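Reviewing the structure listed below.
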Amino acid sequence: MQPVIEVQDLTRVYYAGTVPVPALRGVSFTVEPGEFVAIMGPSGSGKSSLMNILGCLDTPSSGSYRLEGREISSLSDDQRAAIRNRRIGFVFQTFNLLPRLTALQNVELPMQYAGVPRSRRTALAKEALASVGLSGRLHHRPNQLSGGQAQRVAIARALVNDPAIVLADEPTGNLDTRSGEEIMAIFQSLHRRGKTIVLVTHEPDIARHGQRILHFRDGLLVQDERVAQPVDARDVLERLTEPAAPVNAEGVSAAR
Amino acid sequence: MNLWEAVRTALNSLSANKFRSFLTMLGVIIGVGSVVAMTSIGEGASSQVTAQISTLGSNLLTVSPGRTRGLPGMAFGSRGAANLLTYRHYTLLQAAGLPGISATLAEASSRAVLRFGKANTTTTVVGTTPSYPSMRDFPVALGRFFSNYDLERMTRVVVLGNTVAQDLFGDARPALGQVIRVGNVDFTVIGVMEPKALGGRDLGDQVFVPLTTAEKRLTGSQYVQSITVQATSPAMTSLVADELNRFFLLQLKDPEKFTVTNQQDILDTIQGVTGTLTLLLAGITGISLLVGGIGIMNIMLVSVTERTREIGIRKAVGARRRDVLIQFMVESATLSLLGGLVGLAGGAAASRIIARFSGWATVLSVQAVVAALVVSIGVGLFFGIYPAQRASRLDPIEALRYE
Ligand SMILES: Nc1ncnc2c1ncn2[C@@H]1O[C@H](COP(=O)(O)OP(=O)(O)O)[C@@H](O)[C@H]1O
Ligand SMILES: [Mg+2]
C-alpha cells in the first residue's frame, strides 16, 4: 500500500535577518495509512516546522514531501489550498477558531471553501460536532466554550471534509490533563476507525497514546520508536474519575 | 462560496465594527447624497425653465429693432429700442414666402383704459396678427380670434384676456358681442382667451386687436415692437435665422438696426448651462467619491491587518487566494453600496425638503438612482482591490503566527 506521507531529506531554514536558522536539517520518514504517529521532542527541535510543511501551510527549503504519492513542494498556492481543504485536517495548539462564528459555522467553513451546498454542509457539520460530543453547543461562540470544547470543535472542523490525514500540533498543550485525555480519546477513536494521525507533543504521557513515536532533536529525527502497548485514553479517563469523587457525571463540560 | 454568502459574511464582519463602518461610509454617503440632491434640484429647475420657454410657443424666431437681448416673443423686451420695424415689413416678409417658415406674427402693444358701462380697467392692448393664438400656443376659449379680413379692413374688434373679461363683465354677463370702449374708440368683443400665465405673469390681463386697427385708431404709430416667425421644425431654425438676417439686412441696410433671436439658441444656451452644471456636479461627485473611496481603502487596509489571523485561519482550512480576494472586495463593495443607499435616501429627502421650501419641482430620475448605486459599488470594488490583494497574498503560516 502507498504511504500517506513520504518525507525525504527535508530541510527548513529560517532567516533571522541574514542569519540562517536551520529548523529541520534533513528528515526522512514515511507514515503508512492508518498509523497513529506521535512526534516528540524538546521545544525548538523543529516539530512545528515539520508539521507546517506536512500540513501544506509552509514549504520546505529542500527535500521532498509526498502526500498520498503526490509531490507537494512544486505545487502552486491554490493547489496547496485545495489540499489543505480536502486532504488534510489540521488541529492547532491554540484551536484557531474564528471568534465571531458559532461552533457550527466554524465547522462549516472548510466545506464552504469546498463548495458543498448549504443544506448538506449544515447536516455534515452537525454530524461532525455530534461525533465529538458537542451536539449541545452548536450555536456557541468559541469564547463561550471551554478549552477542551473549543479543541473538539477544531477537531470536528478538521474532520468534516473527510481528509486523508489528521495533523495535530500539540493539541493538548493548552488543556488540563482531563480535557487533554478526552481529546486523546477522540484521536484514538478516529484511529480505530482507520484515520491516519500524526500528533506532536512534548509530553511523553501523551506521546504513548500513539503506536509509534518519532523523536526529534535539533531539527533531526533521532529515534523511530514502536510503542508496544499504547495507552488507551479511555482507561486513563476512568482512572481519573475513580479517586476524585466530586467530578460531574457528564465528565465533560466541567473541564474548565 | 457564492456571492450571497460572501455578502452575508461581509455584513457580519462590518457589523462587528458598526460605528467604524458608518464613519467609513460617510464619505460615500455625503458624496452620493449631495449629488443626488443637487442633480434632482438641477433637473427640476431646468425642466421648469424649458417648460416656461416652450409656453411661449415652439420653434420661434423673433426680429426686434436695434440690438436687443431677452427672451424671444416678449415684445416688451425691445421697448425703448429704435422705431424701425413696421407692419410693412410684416407684409413683405409674408409676401417673400421664405422657405422653412410656417407662420408670421407682428406685435405692437400699448396701454389703454377699457370701459364697459361702469366697469373700467387699464390694461395692455396688443395689436397683432391672426396667427397669434397658434404661434403663442394661447388659444381662444370663447368666440374667435380676428382674421386676415379684420386685419385688412382694420375692423374694430377685440379679443379679451380672461382676466380683463372678468374685470369688465364679471361672471354674470356674456362678453361676446358686447361693445366696449378702448381709449376713445368702440370695439366689439369677438372672443375671450383661455387663461394663461408665464412665470407668474398673468397673460389674461391683456386684450388683442388687429395690428392695423391699433395703428390707425389707438396709437397712431406705424411701428411694431417685434416680428416673430415660426420655423417648420427645430432643425430649420438656424436656416430661418440666416434667411431673416438676410431679409432684414436688405430692408434696413444696417445689421445694427435689428436683432434676430432664435428661441432654439436660448434653449441651447440653457441646456449648455445645465450641461456645464452637470459636468461640475460630476466633478464634485468624482472628488467626493474619490475621498470616500480612499477612506474605504484606508479602513480596509486596517481591517486586513487586524484580521491577519482570521485570514490565516481561513487559508489554513482551504481558502484560496481568490476566496480571500472576493471576501474583502465584497466587503468593501458592500460598505460602499450601503453608503450609496444611505446617501441616496438622504439626498432624496433633502431634495424633497428643498422642493417644499423653494416651490421648485425636483426630479429624482431613475438614471440618477442607478448611476449613484452603480458608481458606489464601483468605488467600493476599485478601492477594495488593493487591500483585498494584500489579504489574499498573505502567507498562511505567517498570518497564523501574527500577533
Ligand atoms: N518563523 C521563524 N523564523 C525564524 N526562526 C524560526 C521561525 N519558526 C521557528 N523558528 C526556529 O526554528 C526552530 C524550530 O522551531 P519549531 O519548529 O517551532 O520547534 P518546536 O515546535 O519543536 O518547538 C527554533 O529554533 C525556532 O526558534
Ligand atoms: Mg511547536
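The values are calculated or read from the model by the stated rules, or taken from the named source; none is laboratory data. All values reported here derive from a predicted model rather than from experimental measurement. All Cβ positions, even for glycine, are placed from backbone atoms using ideal geometry, and neighbour counts span all protein chains on display.
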- Note on the structure: Per the list (1) without any contact (Cβ under 8 Å) to a residue 40 or more places away in the chain; (2) closer than 25 Å to residue A:21 by Cβ, residue check on residue A:229 breaks on (2)
- Tell me, which residue of the stretch A:124-170 that is assigned to a helix (DSSP H, G or I) and β-branched (Val, Ile, Thr) is nearest to residue A:183 (Cα to Cα)? A:155
- Message: Out of A:167, A:109, I need the residue that is within 16 Å of ligand 2 (Cβ to nearest atom) and either modelled with pLDDT under 95 or buried (at least 21 other Cβ atoms within 10 Å of the Cβ) (or both). Which one?
- Response: A:167
- Message: Of the residues A:43, A:48, only one is of a type in the set (S, T, N, Q), loosely packed, with under 14 Cβ neighbours inside 10 Å and in contact (Cβ under 8 Å) with a residue 12 or more places away in the chain; which?
- Response: A:43
- Note on the structure: So the helices (runs of 4 or more DSSP H) completely within the stretch B:285-403 holding 3 or more residues that are aromatic (Phe, Trp, Tyr) are B:366-392
- When residue A:10 is run through (1) more than 16 Å from ligand 1 (Cβ to nearest atom); (2) in contact with a Gly (Cβ under 8 Å, 6 or more places away or on another chain), the failure sits at (1)
- Query: Within the stretch A:31-90, which residues are outside any loop (DSSP other than H, G, I, E, B), within 16 Å of ligand 1 (Cβ to nearest atom) and of a type in the set (A, V, I, L, M)?
  - Reply: A:37, A:38, A:39, A:40, A:50, A:51, A:53, A:54
- Message: I want to confirm something. Restricting to the stretch A:28-70 and keeping residues that are of a type in the set (Val, Ile, Thr) and over 13 Å from residue A:13 (Cα atoms), which single residue is farthest from ligand 2 (Cβ to nearest atom)?
- Response: A:30
- Note on the structure: In the set B:291, B:324, B:302, the lone residue that is touching a residue at least 24 places away in the same chain (Cβ under 8 Å) and more than 14 Å from chain A (Cβ to nearest Cβ) is B:291
- Item | Filter result for residue B:353 (closer than 17 Å to residue B:27 by Cα and of a type outside the set (Asp, Glu)) | no
- Message: Can you go through A:209, A:215 and tell me which one is on the phi < 0 side of the Ramachandran plot and part of a loop (DSSP other than H, G, I, E, B)?
- Response: A:209
- Query: Cβ-Cβ below 7 Å, separation at least six or inter-chain, first residue in the stretch B:149-168 and assigned by TED's automatic domain parsing to the domain that holds residue B:190, second part of a loop (DSSP other than H, G, I, E, B) and hydroxyl-bearing (Ser, Thr, Tyr): which pairs?
  - Reply: B:151/B:129
- Message: Return the residues of the stretch A:91-111 that are at the interface with chain B (Cβ under 9 Å from one of its Cβ atoms), in a loop (DSSP other than H, G, I, E, B) and hydrophobic (A, V, I, L, M, F, W, C); say none if nothing qualifies.
- Response: A:92, A:97, A:98, A:101
- Got a sec? Which strands (runs of 3 or more DSSP E) wholly within the stretch B:88-186 have at least 1 residues that are crowded, with 16+ Cβ neighbours inside 10 Å and among the small types (Gly, Ala, Ser)? B:101-116, B:119-128, B:140-143
- Query: Within the stretch A:72-80, can one find any residue that is under 23 Å from residue A:110 (Cα atoms), basic (Lys, Arg) and either away from every other protein chain (no Cβ under 14 Å) or out of contact with any helix residue (DSSP H, G or I) (no Cβ under 6 Å at 6 or more places or on another chain) (or both)?
  - Reply: yes
